[in-house]
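J.: Input: one structure, supplied below.
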Amino acid sequence: MTEMPRDVDAQLVHHALAVPSRRRLMSLLREADGLLGVDDMAAATGLSVATVRHHLTALAGAGLVTATASAGPGRGRPRLRYAATRPGPREEGADTPFRELAQALAEAVGGGPGASREAGLDWGRRLAGSGPAAERVFAAAARMGFAPRDGAGPDPGTRRVLLDGCPYRELARSRPEVVCAVHQGVLDGLLESSGTTVRLLPFIGPDLCAADLHPA
């Protein structure tokens, strides 16, 4: 795999990864042993060839994938085959401030859940962007190291986002009143301007949390 360009705009990465289908394509490319063609990815994901091409254009524009031309059978233009770039400094370090913040709060903050939520709120505001509420949560959760996916909400008016594999789970299990409060603050900050309220549900499974979104 090739190195991610150093001048990639983190905002482009944020928006590119906000779409669930693009995250599926990124997972497919990262797990592949070699280059993948558009037809390969369409067959593996159930997306149309045109949709895959559209998403790959966005991912390439964000510096997340690279294309290599390879000759196909017979005459005609070379076919493009794709690979995921290795995470560069921006992507590798994207969750570092959150890890450091969670660690520092768990060890040093004495102000309780209220102070922890306020600390998370500021980080959430910085990540908020301007997209739909659920896309904001998906994008921010992915950048923080979770594996977000859709889940069944408790009622038709609630959008549930499942948060697999919390990268802070050891800290969260020992100090949930601090770490989970930080994450509630991050969610609140993300959606502050959207009119959507959100409730974090910690550890609804062994390594699974959820966020319930309630439109205004």
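The values are calculated or read from the model by the stated rules, or taken from the named source; none is laboratory data. None of the values given here were measured: they were computed from a predicted structure. Every residue, glycine among them, receives a Cβ derived from its backbone with ideal geometry; neighbour counts consider all protein chains shown. We work out accessible area using only protein heavy atoms, side chains counted, and drop any ligands, DNA or RNA first. Shrake-Rupley method; radii C 1.70, N 1.55, O 1.52, S 1.80 Å.
J.: When each pair of different Cα atoms in the range 109-216 is counted once in the 1/r mean, what is the Kirkwood radius in angstroms, to one decimal?
T.: That comes to 13.6 Å for the range 109-216.
J.: Could I have the simple spin-label model distance between ARG53 and SER27, label points 7 Å from Cα toward Cβ, reported in nm to one decimal?
T.: Taking the simple label geometry, ARG53 and SER27 are separated by 2.6 nm.
J.: Under a 5 Å amide H to amide H cut-off, with H placed in plane at 1.01 Å, what residues pair with ARG160 once short-range neighbours are removed?
T.: Answer set, sorted by chain and number: GLY151, GLY153, LEU213.
J.: Given q = 0.16, 0.24, 0.27 Å⁻¹, what are the Debye log10 I(q)/I(0) values for the range 153-216, with equal point scatterers placed on the Cα positions and solvent ignored?
T.: -0.52, -1.02, -1.18
J.: Over all directions, how big on average is the projection of the convex hull of the alpha-carbon atoms in the range 15-66, in square nanometres?
T.: 3.1
J.: Please list SER116, SER48 in order of solvent-accessible area, largest first, computed with a 1.4 Å probe with all protein chains present.
T.: So, going from the largest accessible area down, we get SER48, SER116.
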